[in-house]
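The values are calculated or read from the model by the stated rules, or taken from the named source; none is laboratory data. Quick caveat, the model's predicted, so the values are computed rather than measured. Ideal geometry is used to build each Cβ from the backbone, glycine not excepted, and the neighbour counts take in all protein chains shown. Note: accessible area is taken over every heavy atom of the protein model, side chains too, but ligands, DNA and RNA are not part of it. Shrake-Rupley method; radii C 1.70, N 1.55, O 1.52, S 1.80 Å.
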Amino acid sequence: MIKVNMGCGWRDFGRDWVHIDGGNYEHLDYYDIENLEFQDGTVDLIYASHLLEYMDRAEVRDVLAEWRRVLKPGGILRLAVPNFRVLAELYTNGTIGLERVLGPLYGKMQMTPDYTIYHRTTYDLASLKTLLTEAEFRDIENYNWRDTEHADFDDHSQAYIPHMDKENGVLISLNVECKR
């Protein structure tokens, strides 16, 4: 079974996973998320946590096409992105201030000392479903991070407000999976 942790950053899910990221980490197998070194229809699962928002809407279409190419028929694409609707609701009802919204919506990642990338877009469930449908994915639905192979690895798919309150907090990650 081929499972890919796309845009994994420093998170090492172990030897059962292929790790792909543009950073400089020892556990990486590949460095390019857009031109994958897999044959067509050979990957069982692609997991990308808080990665899509770093690409604009035009770029992400090409990336999704590439990911779809390598997935097996029935293969799973599992995504996590900041949830615009939830963040907007928490802000407008006064639960959080603007400073708590800025990171998830306009976050930045220091790739190298001279190169920083920022979030370029945001999603709600409807916009993400539309994008995935246009990319010819099917069976698009929310997933519970607790029921996944990667539940033991704390990442942004498990982002809550208040921070780390996974029992009583509000999940601010939009977690969606679909099939090729």
- Please label the shape of region 2-72 as rounded, prolate or oblate, based on the square roots a ≥ b ≥ c of the eigenvalues of the alpha-carbon gyration tensor (a/c under 1.5 means rounded; beyond that, a/b larger than b/c means prolate, else oblate). oblate
- Report ³J(HN,Hα) in whole Hz for each residue of region 77-83, in order, from the Karplus equation J = 6.51 cos²θ - 1.76 cosθ + 1.60 where θ = phi - 60°; Gly and Pro get x. 10, 10, 10, 9, 9, x, 8
- When the Karplus curve 6.51 cos²θ - 1.76 cosθ + 1.60 is applied with θ = phi - 60°, which whole-Hz ³J(HN,Hα) does each residue of region 135-148 get, with x for Gly and Pro? 8, 6, 8, 9, 6, 7, 7, 5, 10, 9, 4, 5, 9, 10
- Message: Test of understanding: what is the full-extension gain from residue 142 to residue 99, defined as 0.36 nm times their sequence separation minus their Cα-Cα distance?
- Response: 12.8 nm
- Considering only protein heavy atoms, what is the solvent-accessible area of residue 89 at a probe of 1.4 Å, reported in Å² to the nearest 10? 90 Å²
- Expected max-MSF residue from 28, 102, 131 in the GNM of the chain (alpha carbon, under 10 Å) is 102
- How big is the accessible area of residue 127 in square angstrom, nearest 10, if you roll a 1.4 angstrom probe over the protein chains? 30 Å²
- Please calculate the 1.4 Å probe accessible area of residue 179, with all protein chains present, and give it to the nearest 10 Å². 80 Å²
- Note on the structure: Filtered hits (lysines, Cα-Cα < 29 Å from residue 72, offset >= 8 within chain) -> 3, 129, 179
- On the formula 1/(1 + (r/R0)^6), with r taken between the Cβ atoms of residue 152 and residue 117 and R0 of 22 Å, the FRET efficiency rounded to 0.05 is 0.20
- Query: Taking Cα pairs under 8 Å and at least six residues apart, what relative contact order does the chain come out at, in percent?
  - Reply: 22 percent
- Item | Solvent exposure of the chain as accessible area per residue, Å², 1.4 Å probe | 54 Å²
- residue 25 and residue 88 label points (each 7 Å along its Cα→Cβ direction) are spaced in nm at 3.1 nm
- Can you list which of the trypsin sites (Lys or Arg not before Pro) found in region 1-86 are DSSP loop residues with at most 15 other C-beta atoms within 10 Å? 15
- Task: Leaving ligands, DNA and RNA out of it, report the carbon-plus-sulfur percent of the accessible area of the chain at a 1.4 Å probe.
- Result: 48 percent
- Task: Mind ranking 33, 20, 2 by accessible surface for me, highest first, 1.4 Å probe?
- Result: 2, 33, 20
- In Hz, Karplus ³J(HN,Hα) per residue of region 94-102 (6.51, -1.76, 1.60; θ = phi - 60°; x = Gly, Pro): x, 5, 10, x, 4, 4, 7, 8, 4
- Long-range amide H contacts for residue 123: which residues qualify at under 5 Å (H placed 1.01 Å from N, peptide plane, sequence gap of 5 or more or a different chain)? 84
- Task: Run through every distinct alpha carbon pair of region 55-158 and return the Kirkwood hydrodynamic radius in angstroms, one decimal place.
- Result: 15.8 Å
- Query: For the chain, modelled as a GNM with alpha-carbon contacts under 10 angstrom, which of 93, 35, 144 fluctuates the most?
  - Reply: 93
